[in-house]
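Peer 1: Pasting a structure below so you can have a look.
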Amino acid sequence: LKDQFDNLDKHTQWGIDFLEKYAKFVKERIEIEQNYAKQLRNLVKKYCPKRSPKDEEPRFTSCIAFFNILNELNDYAGQREVVAEEMGHRVYGELMRYSHDLKTERKMHLQEGRKAQQYLDMCWKQMDNSKKKFERECREAEKAQQSYEKLDNDTNATKADVEKAKQQLNLRTHMADENKNEYAAQLQNFNGEQHKHYYIVIPQIYKQLQEMDERRTIKLSECYKGFADSERKVIPIISKCLEGMILAAKSVDEHRDSQLVIDCFKSGFEPPGDFPFEDYSQNIYRTISDGTISTPKQEGMRIDSKTTVGKAKGKLWLFGKKPKPQSPPLTPTSLYTSSTPNGSQYPIFSIEPVHYCMSDIKTGKPRIPSFRSLKRGYFYLQGPALEDFSHLPPEQRRKKLQQRIDELNRELQKETDQKDALIKMKDVYEKNPQMGDPGSLQPKLTETMSNMDRLRMEIHKNEAWLSEVEGKVAARSDRRHSSDINHLVTQGRESPEGSYTDDANQEVRGPPQQHAHPNEFDDEFEDDDPLPAIGHCKAIYPFDGHNEGTLAMKEGEILYIIEEDKGDGWTRARRHNGEEGYVPTSYIDVTLEKNSKGA
């Protein structure tokens, strides 16, 4: 039975150790869930768009779907946190509390069993001592009886010795009887305690240990169930998150994304017209006849043709010359290839129609825009943003102005509502002075009226810009139609004056594409003077200059500087023969001076 008590001691200890082992497992699972949720949230935060409220980047359906998936994933991470919290509260915390109570209860039951065993051992020792004492007294009594019988049979023994031996025998016999009675009592008590120990006390302690171990097993079963329930409770929400991801994937619309791209990059410019053929052989085969009616006209035409051909040769892209720098300061509409000073790719600009430049050529200062926007990539929204969005193409400018007008109208409506509310409150204060001072509202009312006036002025200004843009777009469409008709007429001319070279703003935008314009514009172009030189430079490295708008140079060649580097890595230069173009700033040694011989 003592061995069984020890076995139960070991078994209950193993049960508590197993309980704590499972609690440790749950704790590690909670840490995994928490780390998983944290990593998911960090992942979502990393890939979430970091846009300001005023950002107007086109929202493609594929991007919106991805952002929705990120939101669903963030909710999914929240459910993992819920699982960890539920496991920590319902499973791990309960296991740790129960483990502490179980240790206390087990300790108490084991102490009761040890006390019962110690009491039984004490009773056994008392019984054993009384038994040994009774045995010893019996042996002494037997010795006393033998001494008495020996003296009684001895004839030489005196009567006093016999009486003394008899008294000693009676004393030992009496003591043996007392020890016998005491031993019998101790034996009876021990037998009773032993019966009580093995049939009442120990079974009760074992039963308590059994109930304790069964409760531990039940608690483990409940924790197993709670562990699974913590996961099962969030399954519906997780399923909704997954369904949301599927719906986000189904919401992707490729046609809508394509339309967004079209709306975003639609410039409003008309496509370029046909490039007319310029017949330079007219002067060679024309015969001069003084007797004909057309002689004066032919002579005049010959003089004009020399001038025209000479100037056209200096302007045509296809025949080696670059156009004169006489375009108004217009910004390129698109950039398709980013450039580097030592790379093999250079910018190719889309062509703006010549007739669009004609309407503004007289008012603008002749200047070719710089290459400062070459390194800014695909989008055309380069350069500093202007208040009237004049740096944007017409269509984009119209959209921006319309959006700003809508925002200003909303702000004006808010200010109007606030003004009405202040007026009503002022009327209430005037009728009921005890509610407030009407004069206290006057500063706020004045400020509101001032804001309304400012907003009306802003709206009027933006509407004027919008009308200007819409008028230009309509006028450009009309001029496009008229230009096509004139182009058909000019193609039939035999005189060199019928050919027309593109305006100088095509130097940056690309090769000339349209030439069907009135001659007065061509004459105005031809009479413009080139830009003055502001310095000179020496080529440190050779540059091929194969792309439009660039100027080829050899190592050691001296060029005139007519426009400084604007921060884009390109400098505008001119040769002695008048050919102009852009060269990499890092390829030349620049010397700026006030009075250069090219000026």
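Peer 1: Placing unit charges on C-beta atoms (Lys and Arg positive, Asp and Glu negative, everything else neutral), compute the dipole magnitude of the range 394-474 about its Cα centre in debye, rounded to 20. Can you show the working numbers first?
Peer 2: Working: 16 positive and 16 negative charges, 49 e Å.
My answer is approximately 240 debye.
Peer 1: List, in order, the whole-Hz ³J(HN,Hα) value for each residue of the range 559-569 obtained from phi through the Karplus relation with A = 6.51, B = -1.76, C = 1.60 and θ = phi - 60°; use x for Gly and Pro.
Peer 2: 10, 8, 8, 10, 7, 6, 5, 8, x, 9, x
Peer 1: Let me ask something else. Given an 8 Å cut-off on Cα distances and at least 6 residues of separation, report the relative contact order of the range 4-260 as a percent.
Peer 2: Details: 186 pairs, mean separation 92.8, N = 257.
Across the range 4-260, relative contact order equals 36 percent.
Peer 1: Using a 7 Å offset from the Cα along the Cα-to-Cβ direction at both Lys538 and Val428, what is the distance between the two label points in nm, to one decimal?
Peer 2: That separation, rounded to one decimal, is 8.4 nm.
Peer 1: Can you pull the accessible area of Cys264 for me, 1.4 Å probe, Å² to the nearest 10?
Peer 2: Accessible area of Cys264: about 30 Å².
Peer 1: In whole Å, largest first, what are the principal axis extents of the Cα atoms in the range 58-124?
Peer 2: 96, 11, 9
Peer 1: Show me the three semi-axes of the equivalent ellipsoid for the range 423-464, from the C-alpha gyration tensor (sqrt of 5 times each eigenvalue), largest first, rounded to whole Å. Working shown, then result.
Peer 2: Values: eigenvalues 201, 14, 3 Å².
Semi-axes, largest first: 32, 8, 4 Å.
Peer 1: Using DSSP to call loops (not H, G, I, E or B), can you name the trypsin sites (Lys or Arg not before Pro) in the range 13-52 whose Cβ has at most 11 other Cβ atoms within 10 angstrom? Write down the numbers at each step before the final one.
Peer 2: On the way: sites: Lys21, Lys24, Lys27, Arg29, Lys38, Arg41, Lys45, Lys46, Lys50, Arg51; in loops: Lys50, Arg51.
Within the range 13-52, the qualifying trypsin sites (Lys or Arg not before Pro) (loop, at most 11 other Cβ atoms within 10 Å) are Lys50, Arg51.
Peer 1: Shifting gears a bit: Positive end of the dipole of the range 394-474, charges at C-beta (+1 Lys, Arg; -1 Asp, Glu), about the Cα centre: which of Gly436, Gln403, Ile423 has its Cα farthest in that direction?
Peer 2: The residue sitting farthest along the positive end of the dipole is Gln403.
Peer 1: How much length would be gained if the chain were fully extended between Ser62 and Glu85, taking 0.36 nm per residue of separation minus their Cα-Cα distance, in nm to one decimal?
Peer 2: Numbers: separation 23, 0.36 × 23 = 8.28 nm, distance 3.46 nm.
Going from the current span to full extension adds 4.8 nm.
Peer 1: Here are some pairs, Lys107/Lys196; Lys50/Lys444; Lys240/Lys414; Lys133/Lys196; which of them have Cα atoms lying more than 31 Å apart in this structure? Before the final figure, lay out each step's value.
Peer 2: Details: Lys107/Lys196 22 Å; Lys50/Lys444 37 Å; Lys240/Lys414 40 Å; Lys133/Lys196 26 Å.
Correct reply: Lys50/Lys444; Lys240/Lys414.
Peer 1: Just the accessible area per residue of the range 185-273, please: how many Å² with a 1.4 Å probe?
Peer 2: Details: 5610 Å² over 89 residues.
Ligands and nucleic acids excluded, the result is 63 Å² per residue.
Peer 1: Between Glu447 and Ile32, what is the label-point separation in nm under the 7 Å Cα-to-beta-carbon projection?
Peer 2: 6.0
Peer 1: Expected output is a single nm value to one decimal: the length gained when fully extending between Glu142 and Asp154, i.e. 0.36 nm times separation in residues minus the C-alpha distance. What is it? List each step's numbers first, then the result.
Peer 2: Details: separation 12, 0.36 × 12 = 4.32 nm, distance 1.84 nm.
Computed gain between Glu142 and Asp154 is 2.5 nm.
Peer 1: Could you tell me what percent of the accessible area of the range 1-127 is made up of carbon and sulfur, with a 1.4 Å probe and every protein chain present?
Peer 2: Here it works out to 54 percent.
Peer 1: Quick check for you: with a 1.4 Å probe and neighbouring chains kept, what is the accessible area per residue of the range 535-592, in Å²? Each step should come with its number before you reach the end.
Peer 2: Details: 2540 Å² over 58 residues.
In whole numbers, the range 535-592 has 44 Å² accessible per residue.
Peer 1: I'd like the carbon and sulfur percentage of the solvent accessible area for the range 535-592, probe radius 1.4 Å, heavy atoms only, ligands and nucleic acids excluded. All intermediate terms of the calculation are to be shown ahead of the outcome.
Peer 2: Numbers: 1210 of 2540 Å².
Answer for the range 535-592: carbon and sulfur cover 48 percent of the accessible area.
Peer 1: What residue among Ala116, Cys241, Leu169 has its Cα farthest toward the positive end of the dipole of the range 4-260, where the charges are +1 on Lys, Arg and -1 on Asp, Glu, each on the Cβ?
Peer 2: In the range 4-260, that residue is Cys241.
Peer 1: Also, quick follow-up: Calculate the radius of gyration of the Cα atoms of the range 535-592 to one decimal place, then report Dmax, the largest Cα-Cα distance, as a whole number, both in Å.
Peer 2: 9.8, 27
Peer 1: Where nothing but the Cβ of Lys and Arg (+1) and of Asp and Glu (-1) is charged, how large is the charge dipole of the range 179-219 around its Cα centre, in debye to the nearest 20?
Peer 2: Values: 6 positive and 5 negative charges, 28 e Å.
The dipole of the range 179-219 has a size of about 140 debye.
Peer 1: Tell me, what is the FRET efficiency for Glu243 and Lys266 to the nearest 0.05, using R0 = 51 angstrom and their Cβ-Cβ distance as r? Intermediate results must be reported in sequence, preceding the final value.
Peer 2: Details: r = 37 Å, r/R0 = 0.72.
Computed FRET efficiency for Glu243 and Lys266 comes out at 0.90.
Peer 1: Amide H of Ile588: which non-local residues (sequence gap of 5 or more, or other chain) have their own amide H closer than 5 Å, using H built in the peptide plane?
Peer 2: Ile540
Peer 1: Which length gain, in nm to one decimal place, applies between Asn170 and Tyr47 when the Cα-Cα distance is subtracted from 0.36 nm times their residue separation?
Peer 2: Working: separation 123, 0.36 × 123 = 44.28 nm, distance 11.06 nm.
Extra length available between Asn170 and Tyr47 comes to 33.2 nm.
Peer 1: Now for a different question. Probe of 1.4 angstrom, ligands and nucleic acids ignored: what's the accessible area per residue over the range 394-474, in square angstrom?
Peer 2: On the way: 5090 Å² over 81 residues.
In whole numbers, the range 394-474 has 63 Å² accessible per residue.
Peer 1: P(r) for the range 1-127, please, calculated from all Cα pair distances in 10 Å bins and given in %.
Peer 2: 11, 23, 17, 14, 12, 9, 7, 4, 2, 1, 0
The values are calculated or read from the model by the stated rules, or taken from the named source; none is laboratory data. All values derive from a computational prediction rather than experimental measurement. Counting neighbours? That spans all protein chains shown, and the Cβs are built from the backbone with ideal geometry, glycine included. Side chains included, ligands, DNA and RNA excluded: accessible areas come from the protein's heavy atoms. Shrake-Rupley method; radii C 1.70, N 1.55, O 1.52, S 1.80 Å.
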